[in-house]
Amino acid sequence: MDTIVLKFGGSSVADNEKLKIVAGKITQLYDKNNNIIVVVSAQGKTTDRLIREAEELSQNPKLREMDVLLSSGEQMSTAKLSILLNDMGYPSISLTGWQAGILTNNTNQNALIKNIDVSRIKQELDQRKIVIIAGFQGVNENMDITTFGRGGSDTTAVAIAAAIKAKNCYIFSDVDGIYTVDPNKMDNAEKLPALSYEEMLELSSEGAKVLHGRCVEIAEKFKIPIITKSTFNHKAGSVISDIIEEDTIKSVVKKEVSRLSIVGSGIIRNTNAIKKVLSLIEKYQLEMLEFQVSESKISITFKQEIDNRLVKEIHDKVIKKEAKV
Ligand code: ASP
Ligand code: MG
């Protein structure tokens, strides 16, 4: 029997109707004879609301208390999902971060995972229960609650997958994968079927917000394939895993207003692509402060704001024709 980890983001668990869709995905995979661990985020914009409400009470709330407050958002999601699954006849149990054995250091609001004691999770899986774990939290050595920073539920999911040696880790959200360019900004963006850990790390560090950067580092370290998929359609997602050798250019990301990065393994050897990028920059008469090429990334910092037409041309002429795997 395979163990798989499924993570659902805040928009996927935002209300009861959405929880029913999520439950449908979970039960389908459970019925295929898998052991299922689910990690959930707080519902919708709950975390933002809790932060706002705390700030209305104090300009300077203690970080320890913020962690107690924010971790409650994820806990609500676990309980609701478990109530629903049990009602549907599927045995399920909700666990907070500490009940799931997640031990962290003492850095409130940005804690690092030190160790995961998976015995409780295993015990529940052995009874064929669906184990639902609150994302983005653990406890420190004093048994005080800690959280992992915004977007940290992805990190919970991959860390649990690593600790339990799961087959893979699905990250479900409202976007169905990783794209050649931000699909909200360009309508001919294409979904990438596969990326390497390294490429995904570069994209995350350049501001692509699809995954918490730390979760990709853990996935790479423990060789856990991450599959990003949409909760709301059945389309294939993007798989992030080890790719031994490949030289397609994957994606262009704009960070802030004047930094642009083009990511793809082996880009350093692709002189055609480098020349093309340079000639497009010349065409738009942009002044560069920095042009850096590494094994899998070209990054450019400009003196002025980037013209979006440049991003589009780089996408259409350098990336899109190569992005097919
Ligand atoms: N609820 C937290 C946040 O909004 C953690 C997460 O969703 O991953 O940042
Ligand atoms: Mg997220």
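Overview of values
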| quantity | calculated |
| --- | --- |
| Failed condition for residue 248, given (1) touching a Phe, Trp or Tyr at 6+ places or on another chain (Cβ under 8 Å); (2) in contact (Cβ under 8 Å) with a residue 60 or more places away in the chain; (3) over 30 Å from residue 39 (Cβ atoms); (4) of a type outside the set (A, V, I, L, M) | (1) |
| Which numbered condition residue 240 fails, given (1) out of contact with any helix residue (DSSP H, G or I) (no Cβ under 6 Å at 6 or more places or on another chain); (2) away from ligand 1 (no atom under 16 Å from the Cβ); (3) among the aliphatic types (A, V, I, L, M); (4) more than 23 Å from residue 21 (Cβ to Cβ) | (1) |
| Candidate set: segment 146-169, residues that are open to solvent by 40 Å² or more (accessible area, probe 1.4 Å) and within 16 Å of ligand 1 (Cβ to nearest atom); chosen: the one nearest to residue 217 (Cα to Cα) | 151 |
| Condition check for residue 175: within 16 Å of ligand 2 (Cβ to nearest atom) and assigned to a helix (DSSP H, G or I) | no |
| Complete set of residues in segment 38-59 that are part of a helix (DSSP H, G or I), within 15 Å of ligand 2 (Cβ to nearest atom) and buried (at least 17 other Cβ atoms within 10 Å of the Cβ) | 46, 47 |
| Segment 60-74: number of residues that are open to solvent by 20 Å² or more (accessible area, probe 1.4 Å), within 26 Å of residue 174 (Cβ to Cβ) and either within 11 Å of ligand 1 (Cβ to nearest atom) or not in a helix (DSSP H, G or I) (or both) | 1 |
| Unique residue being more than 13 Å from the chain's Cα centre (by Cα), surrounded by 23 or more Cβ atoms within 10 Å (Cβ to Cβ) and charged (D, E, K, R) when the list is 199, 206 | 199 |
| Which listed residue is open to solvent by 10 Å² or more (accessible area, probe 1.4 Å), in contact (Cβ under 8 Å) with a residue 60 or more places away in the chain and out of contact with any strand residue (DSSP E or B) (no Cβ under 7 Å at 6 or more places or on another chain), from 16, 35 | 16 |
| Odd one out for residue 289, checked against (1) in contact (Cβ under 8 Å) with a residue 40 or more places away in the chain; (2) assigned to a strand (DSSP E or B); (3) in contact with a Phe, Trp or Tyr (Cβ under 9 Å, 6 or more places away or on another chain) | (1) |
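Yes/no per residue for (1) outside any loop (DSSP other than H, G, I, E, B); (2) in contact (Cβ under 8 Å) with a residue 60 or more places away in the chain; (3) not polar (S, T, N, Q):
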position	(1), (2), (3)
279	yes, no, no
300	yes, no, yes
305	no, no, yes
309	yes, no, yes
313	yes, no, yes
318	yes, yes, yes
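The values are calculated or read from the model by the stated rules, or taken from the named source; none is laboratory data. Bear in mind that the values here come from a model prediction, so they are computed numbers and not experimental data. When we count neighbours, we look across all protein chains shown, and the Cβ atoms used for this are built from the backbone with ideal geometry, even at glycine. What goes into the accessible areas is simple: the full protein's heavy atoms, side chains included, and nothing from ligands, DNA or RNA. Shrake-Rupley method; radii C 1.70, N 1.55, O 1.52, S 1.80 Å.
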